[in-house]
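Below is one structure, written out as structure tokens; the observations come after it.
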Amino acid sequence: MTNSETITHDVIIVGAGLAGSWAAMVAAQQGVNDIGVLSKIHPLRSHSGAAQGGIAAALNNVRPVPDTGPRGPLEPIPSGDQLVDSWELHMFDTIKGSDWLGDQDAIEVMVREAPDIIYEYEHLGCVFSRLPDGRIAQRRFGGHSSPRANYSKDYTGHVLLHTIHEQALRHGVKFYSEWYCMDLIIEDNICRGIVAMEILTGKLFTMRAKAVMFGTGGYGRAFKITSNAYANTGDGVAIAYNAGIPLMDMEFVQFHPTGLYRHGILMSEACRGEGGYLTNKAGDRFMENYAPDKMELAPRDLVSRSEQTEIDQGRGVGTDGQGIYLDLRHLGRDKILNRLPQVRELAIDFVGVDPIEDPIPIQPTAHYSMGGIPTDVDGRVLVDDLGTPVTGFYAAGECACVSVHGANRLGTNSLLEASLFGKRAGRAIAEFVLDGADLLPISGDPIAKNQERIQRFWDNPGTESIEVISQELKTNMTDNCGIFRDEERLLVARSKIAELNQRFANGQVSDRSHRFNTDLLMAIETENLLCFSEVIVDGALERTESRGAHSRTDYPKRDDEEWLKHTLAHRLEDGSPELSYKPVDIDWDKYPPQERKY
Ligand SMILES: Cc1cc2nc3c(=O)[nH]c(=O)nc-3n(C[C@H](O)[C@H](O)[C@H](O)COP(=O)(O)OP(=O)(O)OC[C@H]3O[C@@H](n4cnc5c(N)ncnc54)[C@H](O)[C@@H]3O)c2cc1C
């Protein structure tokens, strides 16, 4: 790792998922012709491609058959008939889903522009599932009061990502596939570039740019049972934090109700959107007791807590009683094969169950990161609670916190968020660059600092296995900072992280080669996981209330008087987080906080 070089672009985007790809495509469309996009895995393996269920927008193509109630069968809305959905309804559902912690100005931008982004996808050739008359088909999703999930069978993320990646290539965007971003260079509150490793050779590069954007995705891999890809280690979040950017609302982690039992692999919410049941050991549809109106289509935080309660009270299934059944059999073979083919294959491959014949054993799984790098609605990263932007640094998608999801995200709102705020960031970046932004000098040698970080592993023979540290961290986060939290467990979580940090200092990287050193990358990723896990736990410990996905058994009620505010965590000199708070944007006349009931 001794050779170093400098690469320059007008714009560098870290992350080739939907957020990064949209930003690259749009900035290129607007006339920026020197854009580099880095991805630590092949761009098309970004986690966006794994999304199954759908992308939200109030298109008004489908409604429940009249007089069958809100859970009745769906039918196309005949042209000229009264519309059932609107951006206002989408907005209210999102605010309620967020347990009133979402910023309402940002939510309004998202839901108003949602239909346009779906049509833009369509015009770029995206293959959505269709109604018989050719309009885009829509299905139900949890917490949405109208069927507004637009989808492509259960491969939605795959088709969206391919569509935009193709367009970015067409516009001449340069992709650096299997390049790993290690560091962010900010001086005098101006972002000047990054430090990255070409994984194939292990060489470090300073990559200078007029604007840098992070679309580095979520941090679900901090948990033992997760639906997230191996790459979702929250690198961008940790890198930004270490470069002096605060992190926002990190304690809000979404647990999805239907991960495959013991694996965590996602069984899309589309399973319930299409009518699937959740049952316990006795065969009861227990959601009747928790959300009698919405049943299985209550929001994820509520359904996961209901499942966990059934499990904790001895009504779980599976050899250790830690599972629940997802029953699709009554949907019938045709619907399962046509609408949920990927889900069926995953269930057969990983737990040997064909959902056409048998119920699928599932359990809650860490799924989505509501918190992240604070931004405005144009992707500008904010460095303090007054809304001061860092010049030339942008973020969008799951690594960012804009904040449209607040304390709990509704399914299908994330593909929308990544696409829409990726697009807006791309536009803002183009404006910034075309307005004459400069390529500013970098003082010192940023490579040296990162080389030292690597050298530390070579110089220190170490006795602690980093793999073991990483596993212990994940178990700690799932057991002590999971669906249900309390002070006692959170304190255990905090001291365990301190212990793991100490052991990490004596961590062992046995592979010393330069080429494709996954051992070294795992060590860096583990250091990142340790870094922001501490922020998650501290935020959760301080927040003495239950709101959305943050559920404290010792403080079971939402406390608007004290806690209707966003958490910001700043990194202190000694590496520990310091918490401060900032107000939520609320339209008190239109959408004042209410009790959240389903
Ligand atoms: C299984 C699954 C199913 C889902 N289904 C849905 C759904 O149906 N509807 C919905 O709305 N949402 C869904 N979600 C959530 C949604 O897919 C994600 O929130 C969204 O796609 C995130 O997009 P992104 O562009 O922010 O990040 P990602 O798509 O995760 O991309 C992150 C990118 O950053 C790169 N990267 C990260 N760190 C580094 C580094 N250090 N150096 C270089 N590159 C780096 C990665 O290589 C990757 O290219 C699902 C999520 C999962 C896990």
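The values are calculated or read from the model by the stated rules, or taken from the named source; none is laboratory data. Note that this is a predicted model, so its numbers are computed, not measured. Here Cβ is always computed from backbone atoms with ideal geometry, including for glycine, and neighbour counts include all displayed protein chains.
Restricting the search to the range 78-96, which residues are more than 16 Å from the ligand (Cβ to nearest atom) and buried (at least 20 other Cβ atoms within 10 Å of the Cβ)?
Result: Asp85, Met91, Ile95, Lys96.
I'm checking my understanding of the structure. Among residues of the range 378-405 that are at pLDDT 95 or above and at positive phi, which one is surrounded by the fewest Cβ atoms within 10 Å (Cβ to Cβ)?
By that ranking, first place goes to Gly392.
If we scan the range 98-107, do we find a residue that is free of Cβ contacts under 8 Å to residues at least 40 places away in the same chain and at positive phi?
Within the range 98-107 (the criterion being free of Cβ contacts under 8 Å to residues at least 40 places away in the same chain and at positive phi), the answer is no, since none of the residues qualifies.
Is there a residue in the range 409-419 that is at positive phi, more than 10 Å from the ligand (Cβ to nearest atom) and touching a residue at least 24 places away in the same chain (Cβ under 8 Å)?
For the range 409-419, residues at positive phi, more than 10 Å from the ligand (Cβ to nearest atom) and touching a residue at least 24 places away in the same chain (Cβ under 8 Å): absent.
List the residue pairs whose Cβ atoms are under 7 Å apart, where the first residue sits in the range 571-594 and is surrounded by 10 or more Cβ atoms within 10 Å (Cβ to Cβ), the second is basic (Lys, Arg), and the two are 6 or more positions apart or on different chains.
From residues that are surrounded by 10 or more Cβ atoms within 10 Å (Cβ to Cβ), the pairs are Pro577/Arg571; Tyr581/Lys565; Lys582/Lys565; Pro583/Lys565; Val584/Lys565.
Here are Gly193, Gly125: which of them is more than 10 Å from the ligand (Cβ to nearest atom) and either assigned to a loop (DSSP other than H, G, I, E, B) or of a type in the set (Val, Ile, Thr) (or both)?
On the way: Gly193 fails: either assigned to a loop (DSSP other than H, G, I, E, B) or of a type in the set (Val, Ile, Thr) (or both).
One residue alone meets the criteria, Gly125.
Hey, could you check the range 122-162 for residues that are over 24 Å from Leu89 (Cβ atoms) and among the β-branched types (Val, Ile, Thr) and say which is surrounded by the fewest Cβ atoms within 10 Å (Cβ to Cβ)?
Residue satisfying both the conditions and the ranking: Val127.
What single numbered condition from (1) more than 13 Å from the ligand (Cβ to nearest atom); (2) within 30 Å of Ile7 (Cα to Cα); (3) touching a Pro at 6+ places or on another chain (Cβ under 9 Å) fails to hold for His165?
(1)
On the basis of being farther than 13 Å from Leu59 by Cα and surrounded by 18 or more Cβ atoms within 10 Å (Cβ to Cβ), does Asp183 make the cut?
yes
Answer yes or no: is there a residue in the range 421-440 that is at pLDDT 95 or above, under 16 Å from the mean Cα position of the chain (by Cα) and either of a type outside the set (Ser, Thr, Tyr) or closer than 26 Å to Asp188 by Cα (or both).
Checking the range 421-440: at least one residue is at pLDDT 95 or above, under 16 Å from the mean Cα position of the chain (by Cα) and either of a type outside the set (Ser, Thr, Tyr) or closer than 26 Å to Asp188 by Cα (or both).
Only one of Arg112, Arg45 is at pLDDT 95 or above, basic (Lys, Arg) and within 16 Å of the ligand (Cβ to nearest atom). Can you tell me which? Step through it out loud before you land on a result.
On the way: Arg112 fails: within 16 Å of the ligand (Cβ to nearest atom).
Checking each option against the conditions leaves just Arg45.
Exactly one of (1) within 12 Å of the ligand (Cβ to nearest atom); (2) closer than 24 Å to Leu420 by Cα is unmet by Lys210. Its number?
Here Lys210 clears every test but (1).
In the range 361-401, which residues are within 15 Å of the ligand (Cβ to nearest atom) and aliphatic (A, V, I, L, M)?
The answer is Ile362, Ala366, Met370, Ile373, Val381, Ala395, Ala396, Ala400.
Output the qualifying pairs, or none if there are none: Cβ atoms under 7 angstrom, residues six or more apart or on different chains, first residue in the range 26-47 and assigned to a loop (DSSP other than H, G, I, E, B), second residue near the ligand (Cβ under 9 Å from one of its atoms) and among the aromatic types (Phe, Trp, Tyr).
Here the result reads Lys40/Trp179; Lys40/Tyr180, each pair linking the range 26-47 to a residue that is near the ligand (Cβ under 9 Å from one of its atoms) and among the aromatic types (Phe, Trp, Tyr).
Quick check on the range 77-89. Is at least one of its residues under 28 Å from Thr258 (Cβ atoms), out of contact with any Ser or Thr (no Cβ under 6 Å at 6 or more places or on another chain) and of a type outside the set (A, V, I, L, M, F, W, C)?
No; the residues of the range 77-89 include none that is under 28 Å from Thr258 (Cβ atoms), out of contact with any Ser or Thr (no Cβ under 6 Å at 6 or more places or on another chain) and of a type outside the set (A, V, I, L, M, F, W, C).
With the structure loaded, tell me whether Gly444 is modelled with pLDDT under 95 and not hydrophobic (A, V, I, L, M, F, W, C) or whether it fails that test.
yes
Return yes or no: is Leu83 of a type outside the set (Val, Ile, Thr) and touching a residue at least 40 places away in the same chain (Cβ under 8 Å)?
The answer is no for Leu83.
Which is over 22 Å from Ser470 (Cα atoms) and either hydroxyl-bearing (Ser, Thr, Tyr) or modelled with pLDDT of 95 or more (or both), of Ile239, Ile245, Ile265?
Ile245
Of all residues in the range 48-106, how many are within 26 Å of Tyr219 (Cα to Cα) and not in a helix (DSSP H, G or I)?
Residues that pass the stated criteria total 13.
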